[in-house]
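The values are calculated or read from the model by the stated rules, or taken from the named source; none is laboratory data. Just so it is clear, the structure is predicted and the values come from calculations on it, not from any experiment. Cβ placement follows ideal geometry from the backbone for every residue including glycine, while neighbour counts extend to all protein chains displayed. Surface accessibility is based on the protein's heavy atoms, side chains included, excluding ligands, DNA and RNA. Shrake-Rupley method; radii C 1.70, N 1.55, O 1.52, S 1.80 Å.
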Amino acid sequence: MLIRNGIVLTQDPSLGELPRADVLVEGDTIAAVGPNLSAEGAQVIDAEGDIVIPGFVDSHRHTWETSIRTCAPDYTLGAYFAGILDKFAPHYRPDDVYAANLWGALECANAGITTLVDWSHIMNTHEHADEAIRGLQESGIRSVFAFGFPNTSLQDWWFGPDYAGSVLEIDGDLARRLRSEYFNSDDSLITMALATRGTNFCREEVVRNEWELAKELGLNITVHVAMYRFGYTKMQLTKLKEMDLLYPNTTYIHSSHLLPDEWAMVRDSGSNVSYAPQIELQMGHGWAQAVTARDYGVPIGLSSDVATTASSDQFTQMHAIFASERARRYEIAWDENLEWDQPESKLITSRDVLAMATIGGAQVAGIADRTGSITPGKKADLVIIDGHAVNVAPVIDPVGAVVCAADVSNVDTVIVGGTVLKRDGKLVADLKGPLQRVNASRDYLVSKIDQPAPGWLPAAVTA
Ligand SMILES: [Zn+2]
């Protein structure tokens, strides 16, 4: 397959931005990038005037919540625990997880997200795990299945007896079974990670056992830290350091209130952060501190977190972090010195933001060796953005066009591992069956909630 004459934003520092170039795909792999490539007999995709980027990476999403999309637009994070994790999650059947994961992963393909880290903490039975994986498999996208724990009771799984932390652990035997049954290769389209709760929500012995499980199975850990009032003063990284559990390649999600020495711990342990800026702003986690992470040299990925409260595409995340982090820096600068007029010194740029949504996300997902940039030898995970669209043309700075102008409607073509999942703005997959399933799942889950009517969220949890 030859993608011809596109504006190619490789996200590979050695290749840079190519104003007019071709991308040659052989099998599932990028074979060459550059102007005037020849490939006899290749299927040609004309990208004249369009923008070719590596597929986006969503580095943390609770995909099982897709079937209750936007049920909680006004929630704080505190309300989310009570309203979503305590009310909805216990009712989930394996079928609901399958329907949500398939629909959410198809949504990714449509939005140009070629890799999804599915933070799957809905492992209420063994079958829930199998069905979560089946949903990802059938979508055709690349994913990291971050195996978690059940959500059968808020108190049991998040706060434990007397709110002193959970005494319940991730099911190690199930983790071992999934690892050998589905994920015995770390090179497959779907790979595995461990989604844990950490020191904020669990007793020390639980934390230790779960970190040791990750080590035993050779899995990267992904954990929420330093968010909202739960994480404001708890010093979770400090605690992990005391326990000697600062593993490399760990993803610290949100990280809104890390202390300076904790940032050094993230850096020194070779770990990374995943920001969900739209959700963090809306629900009260804190700022997505991209400048701080950048100053420490910590890789940054973007993520959509929960479909219950905001849209799940990477354009939304790019807009949110671009605006909020610049707003934060302007305010800091003017608080320090009203004469300050050198914004370039500390502001993030559109190029920073596009990197977070692509190669940064791939680093966070732990698979930058195979995706996240248009580099010969990497898997062909590619997206073509329509440069002729009414909201994108005329193109002057192509990075500006992607970060500041484009949206999901401009995702013309999506390729994952050499397989075309979307072409001419339409998904190849038939959406009819998956739509029926996710709607039926929605109907079932909503019927299980006390006040199933418009405005039905209990007032107590919206406060
Ligand atoms: Zn999350």
Residues located in the range 28-41, provided they are surrounded by fewer than 18 Cβ atoms within 10 Å (Cβ to Cβ), touching a residue at least 24 places away in the same chain (Cβ under 8 Å) and farther than 12 Å from GLY418 by Cβ: ALA32, LEU37, ALA39
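Can you tell me how many residues within the range 131-157 are assigned to a helix (DSSP H, G or I) and over 15 Å from the mean Cα position of the chain (by Cα)? Let's see the steps before the verdict.
Step one: of the range 131-157, the residues assigned to a helix (DSSP H, G or I) are 131-139, 154-157.
Add one more test, that the residue is over 15 Å from the mean Cα position of the chain (by Cα), and what stays is 131-135, 137-139, 154-157.
Count: 12.
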ASP369 being within 22 Å of ARG142 (Cα to Cα), surrounded by fewer than 22 Cβ atoms within 10 Å (Cβ to Cβ) and away from the ligand (no atom under 16 Å from the Cβ): yes
When residues of the range 279-305 are limited to those that are out of contact with any strand residue (DSSP E or B) (no Cβ under 8 Å at 6 or more places or on another chain) and within 16 Å of the ligand (Cβ to nearest atom), the one least open to solvent (accessible area, probe 1.4 Å): MET283
Restricting the range 176-222 to residues that are more than 21 Å from ASP118 (Cβ to Cβ) and touching a strand residue (DSSP E or B) at 6+ places or on another chain (Cβ under 8 Å), the residue that is surrounded by the fewest Cβ atoms within 10 Å (Cβ to Cβ): ARG203
Residue match in the range 408-428 (condition: touching a strand residue (DSSP E or B) at 6+ places or on another chain (Cβ under 9 Å), on the phi < 0 side of the Ramachandran plot and assigned to a helix (DSSP H, G or I)): yes
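Only residues that are in a strand (DSSP E or B) and under 19 Å from ARG351 (Cβ atoms): list them for the range 383-407, please. Full working, then the answer.
Of all residues in the range 383-407, those in a strand (DSSP E or B) come to 383-385.
Hits for the range 383-407 are VAL383, ILE385.
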For VAL390: the one exception among (1) at pLDDT 95 or above; (2) exposed (fewer than 15 other Cβ atoms within 10 Å of the Cβ); (3) within 27 Å of GLU262 (Cβ to Cβ): (3)
Residue that is nearest to ASP313 (Cα to Cα) [pool: residues in the range 42-86 that are open to solvent by 10 Å² or more (accessible area, probe 1.4 Å) and part of a strand (DSSP E or B)]: ASP46
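Has the range 353-362 got at least one residue that is open to solvent by 40 Å² or more (accessible area, probe 1.4 Å) and either farther than 21 Å from LEU281 by Cα or modelled with pLDDT of 95 or more (or both)? Before the answer, list the steps.
Narrowing the range 353-362 to residues open to solvent by 40 Å² or more (accessible area, probe 1.4 Å): none.
Looking through the range 353-362, none of the residues is open to solvent by 40 Å² or more (accessible area, probe 1.4 Å) and either farther than 21 Å from LEU281 by Cα or modelled with pLDDT of 95 or more (or both).
Looking at the range 223-251, which of the residues that are over 22 Å from ALA164 (Cα atoms) and open to solvent by less than 10 Å² (accessible area, probe 1.4 Å) is nearest to the chain's Cα centre (by Cα)?
We begin by selecting, within the range 223-251, every residue over 22 Å from ALA164 (Cα atoms); these are 246-251.
Those still in the list that are open to solvent by less than 10 Å² (accessible area, probe 1.4 Å) too: 250-251.
Numbers: THR250: 14, THR251: 11 Å.
Residue satisfying both the conditions and the ranking: THR251.
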Filtered residue count, the range 6-27, keeping only those that are surrounded by fewer than 18 Cβ atoms within 10 Å (Cβ to Cβ) and either part of a strand (DSSP E or B) or over 27 Å from the mean Cα position of the chain (by Cα) (or both): 4
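Let me confirm something: among ASP305, ASP386, which residue is under 14 Å from the mean Cα position of the chain (by Cα) and among the charged types (D, E, K, R)?
Numbers: ASP386 fails: under 14 Å from the mean Cα position of the chain (by Cα).
None of the other options fit; the residue is ASP305.
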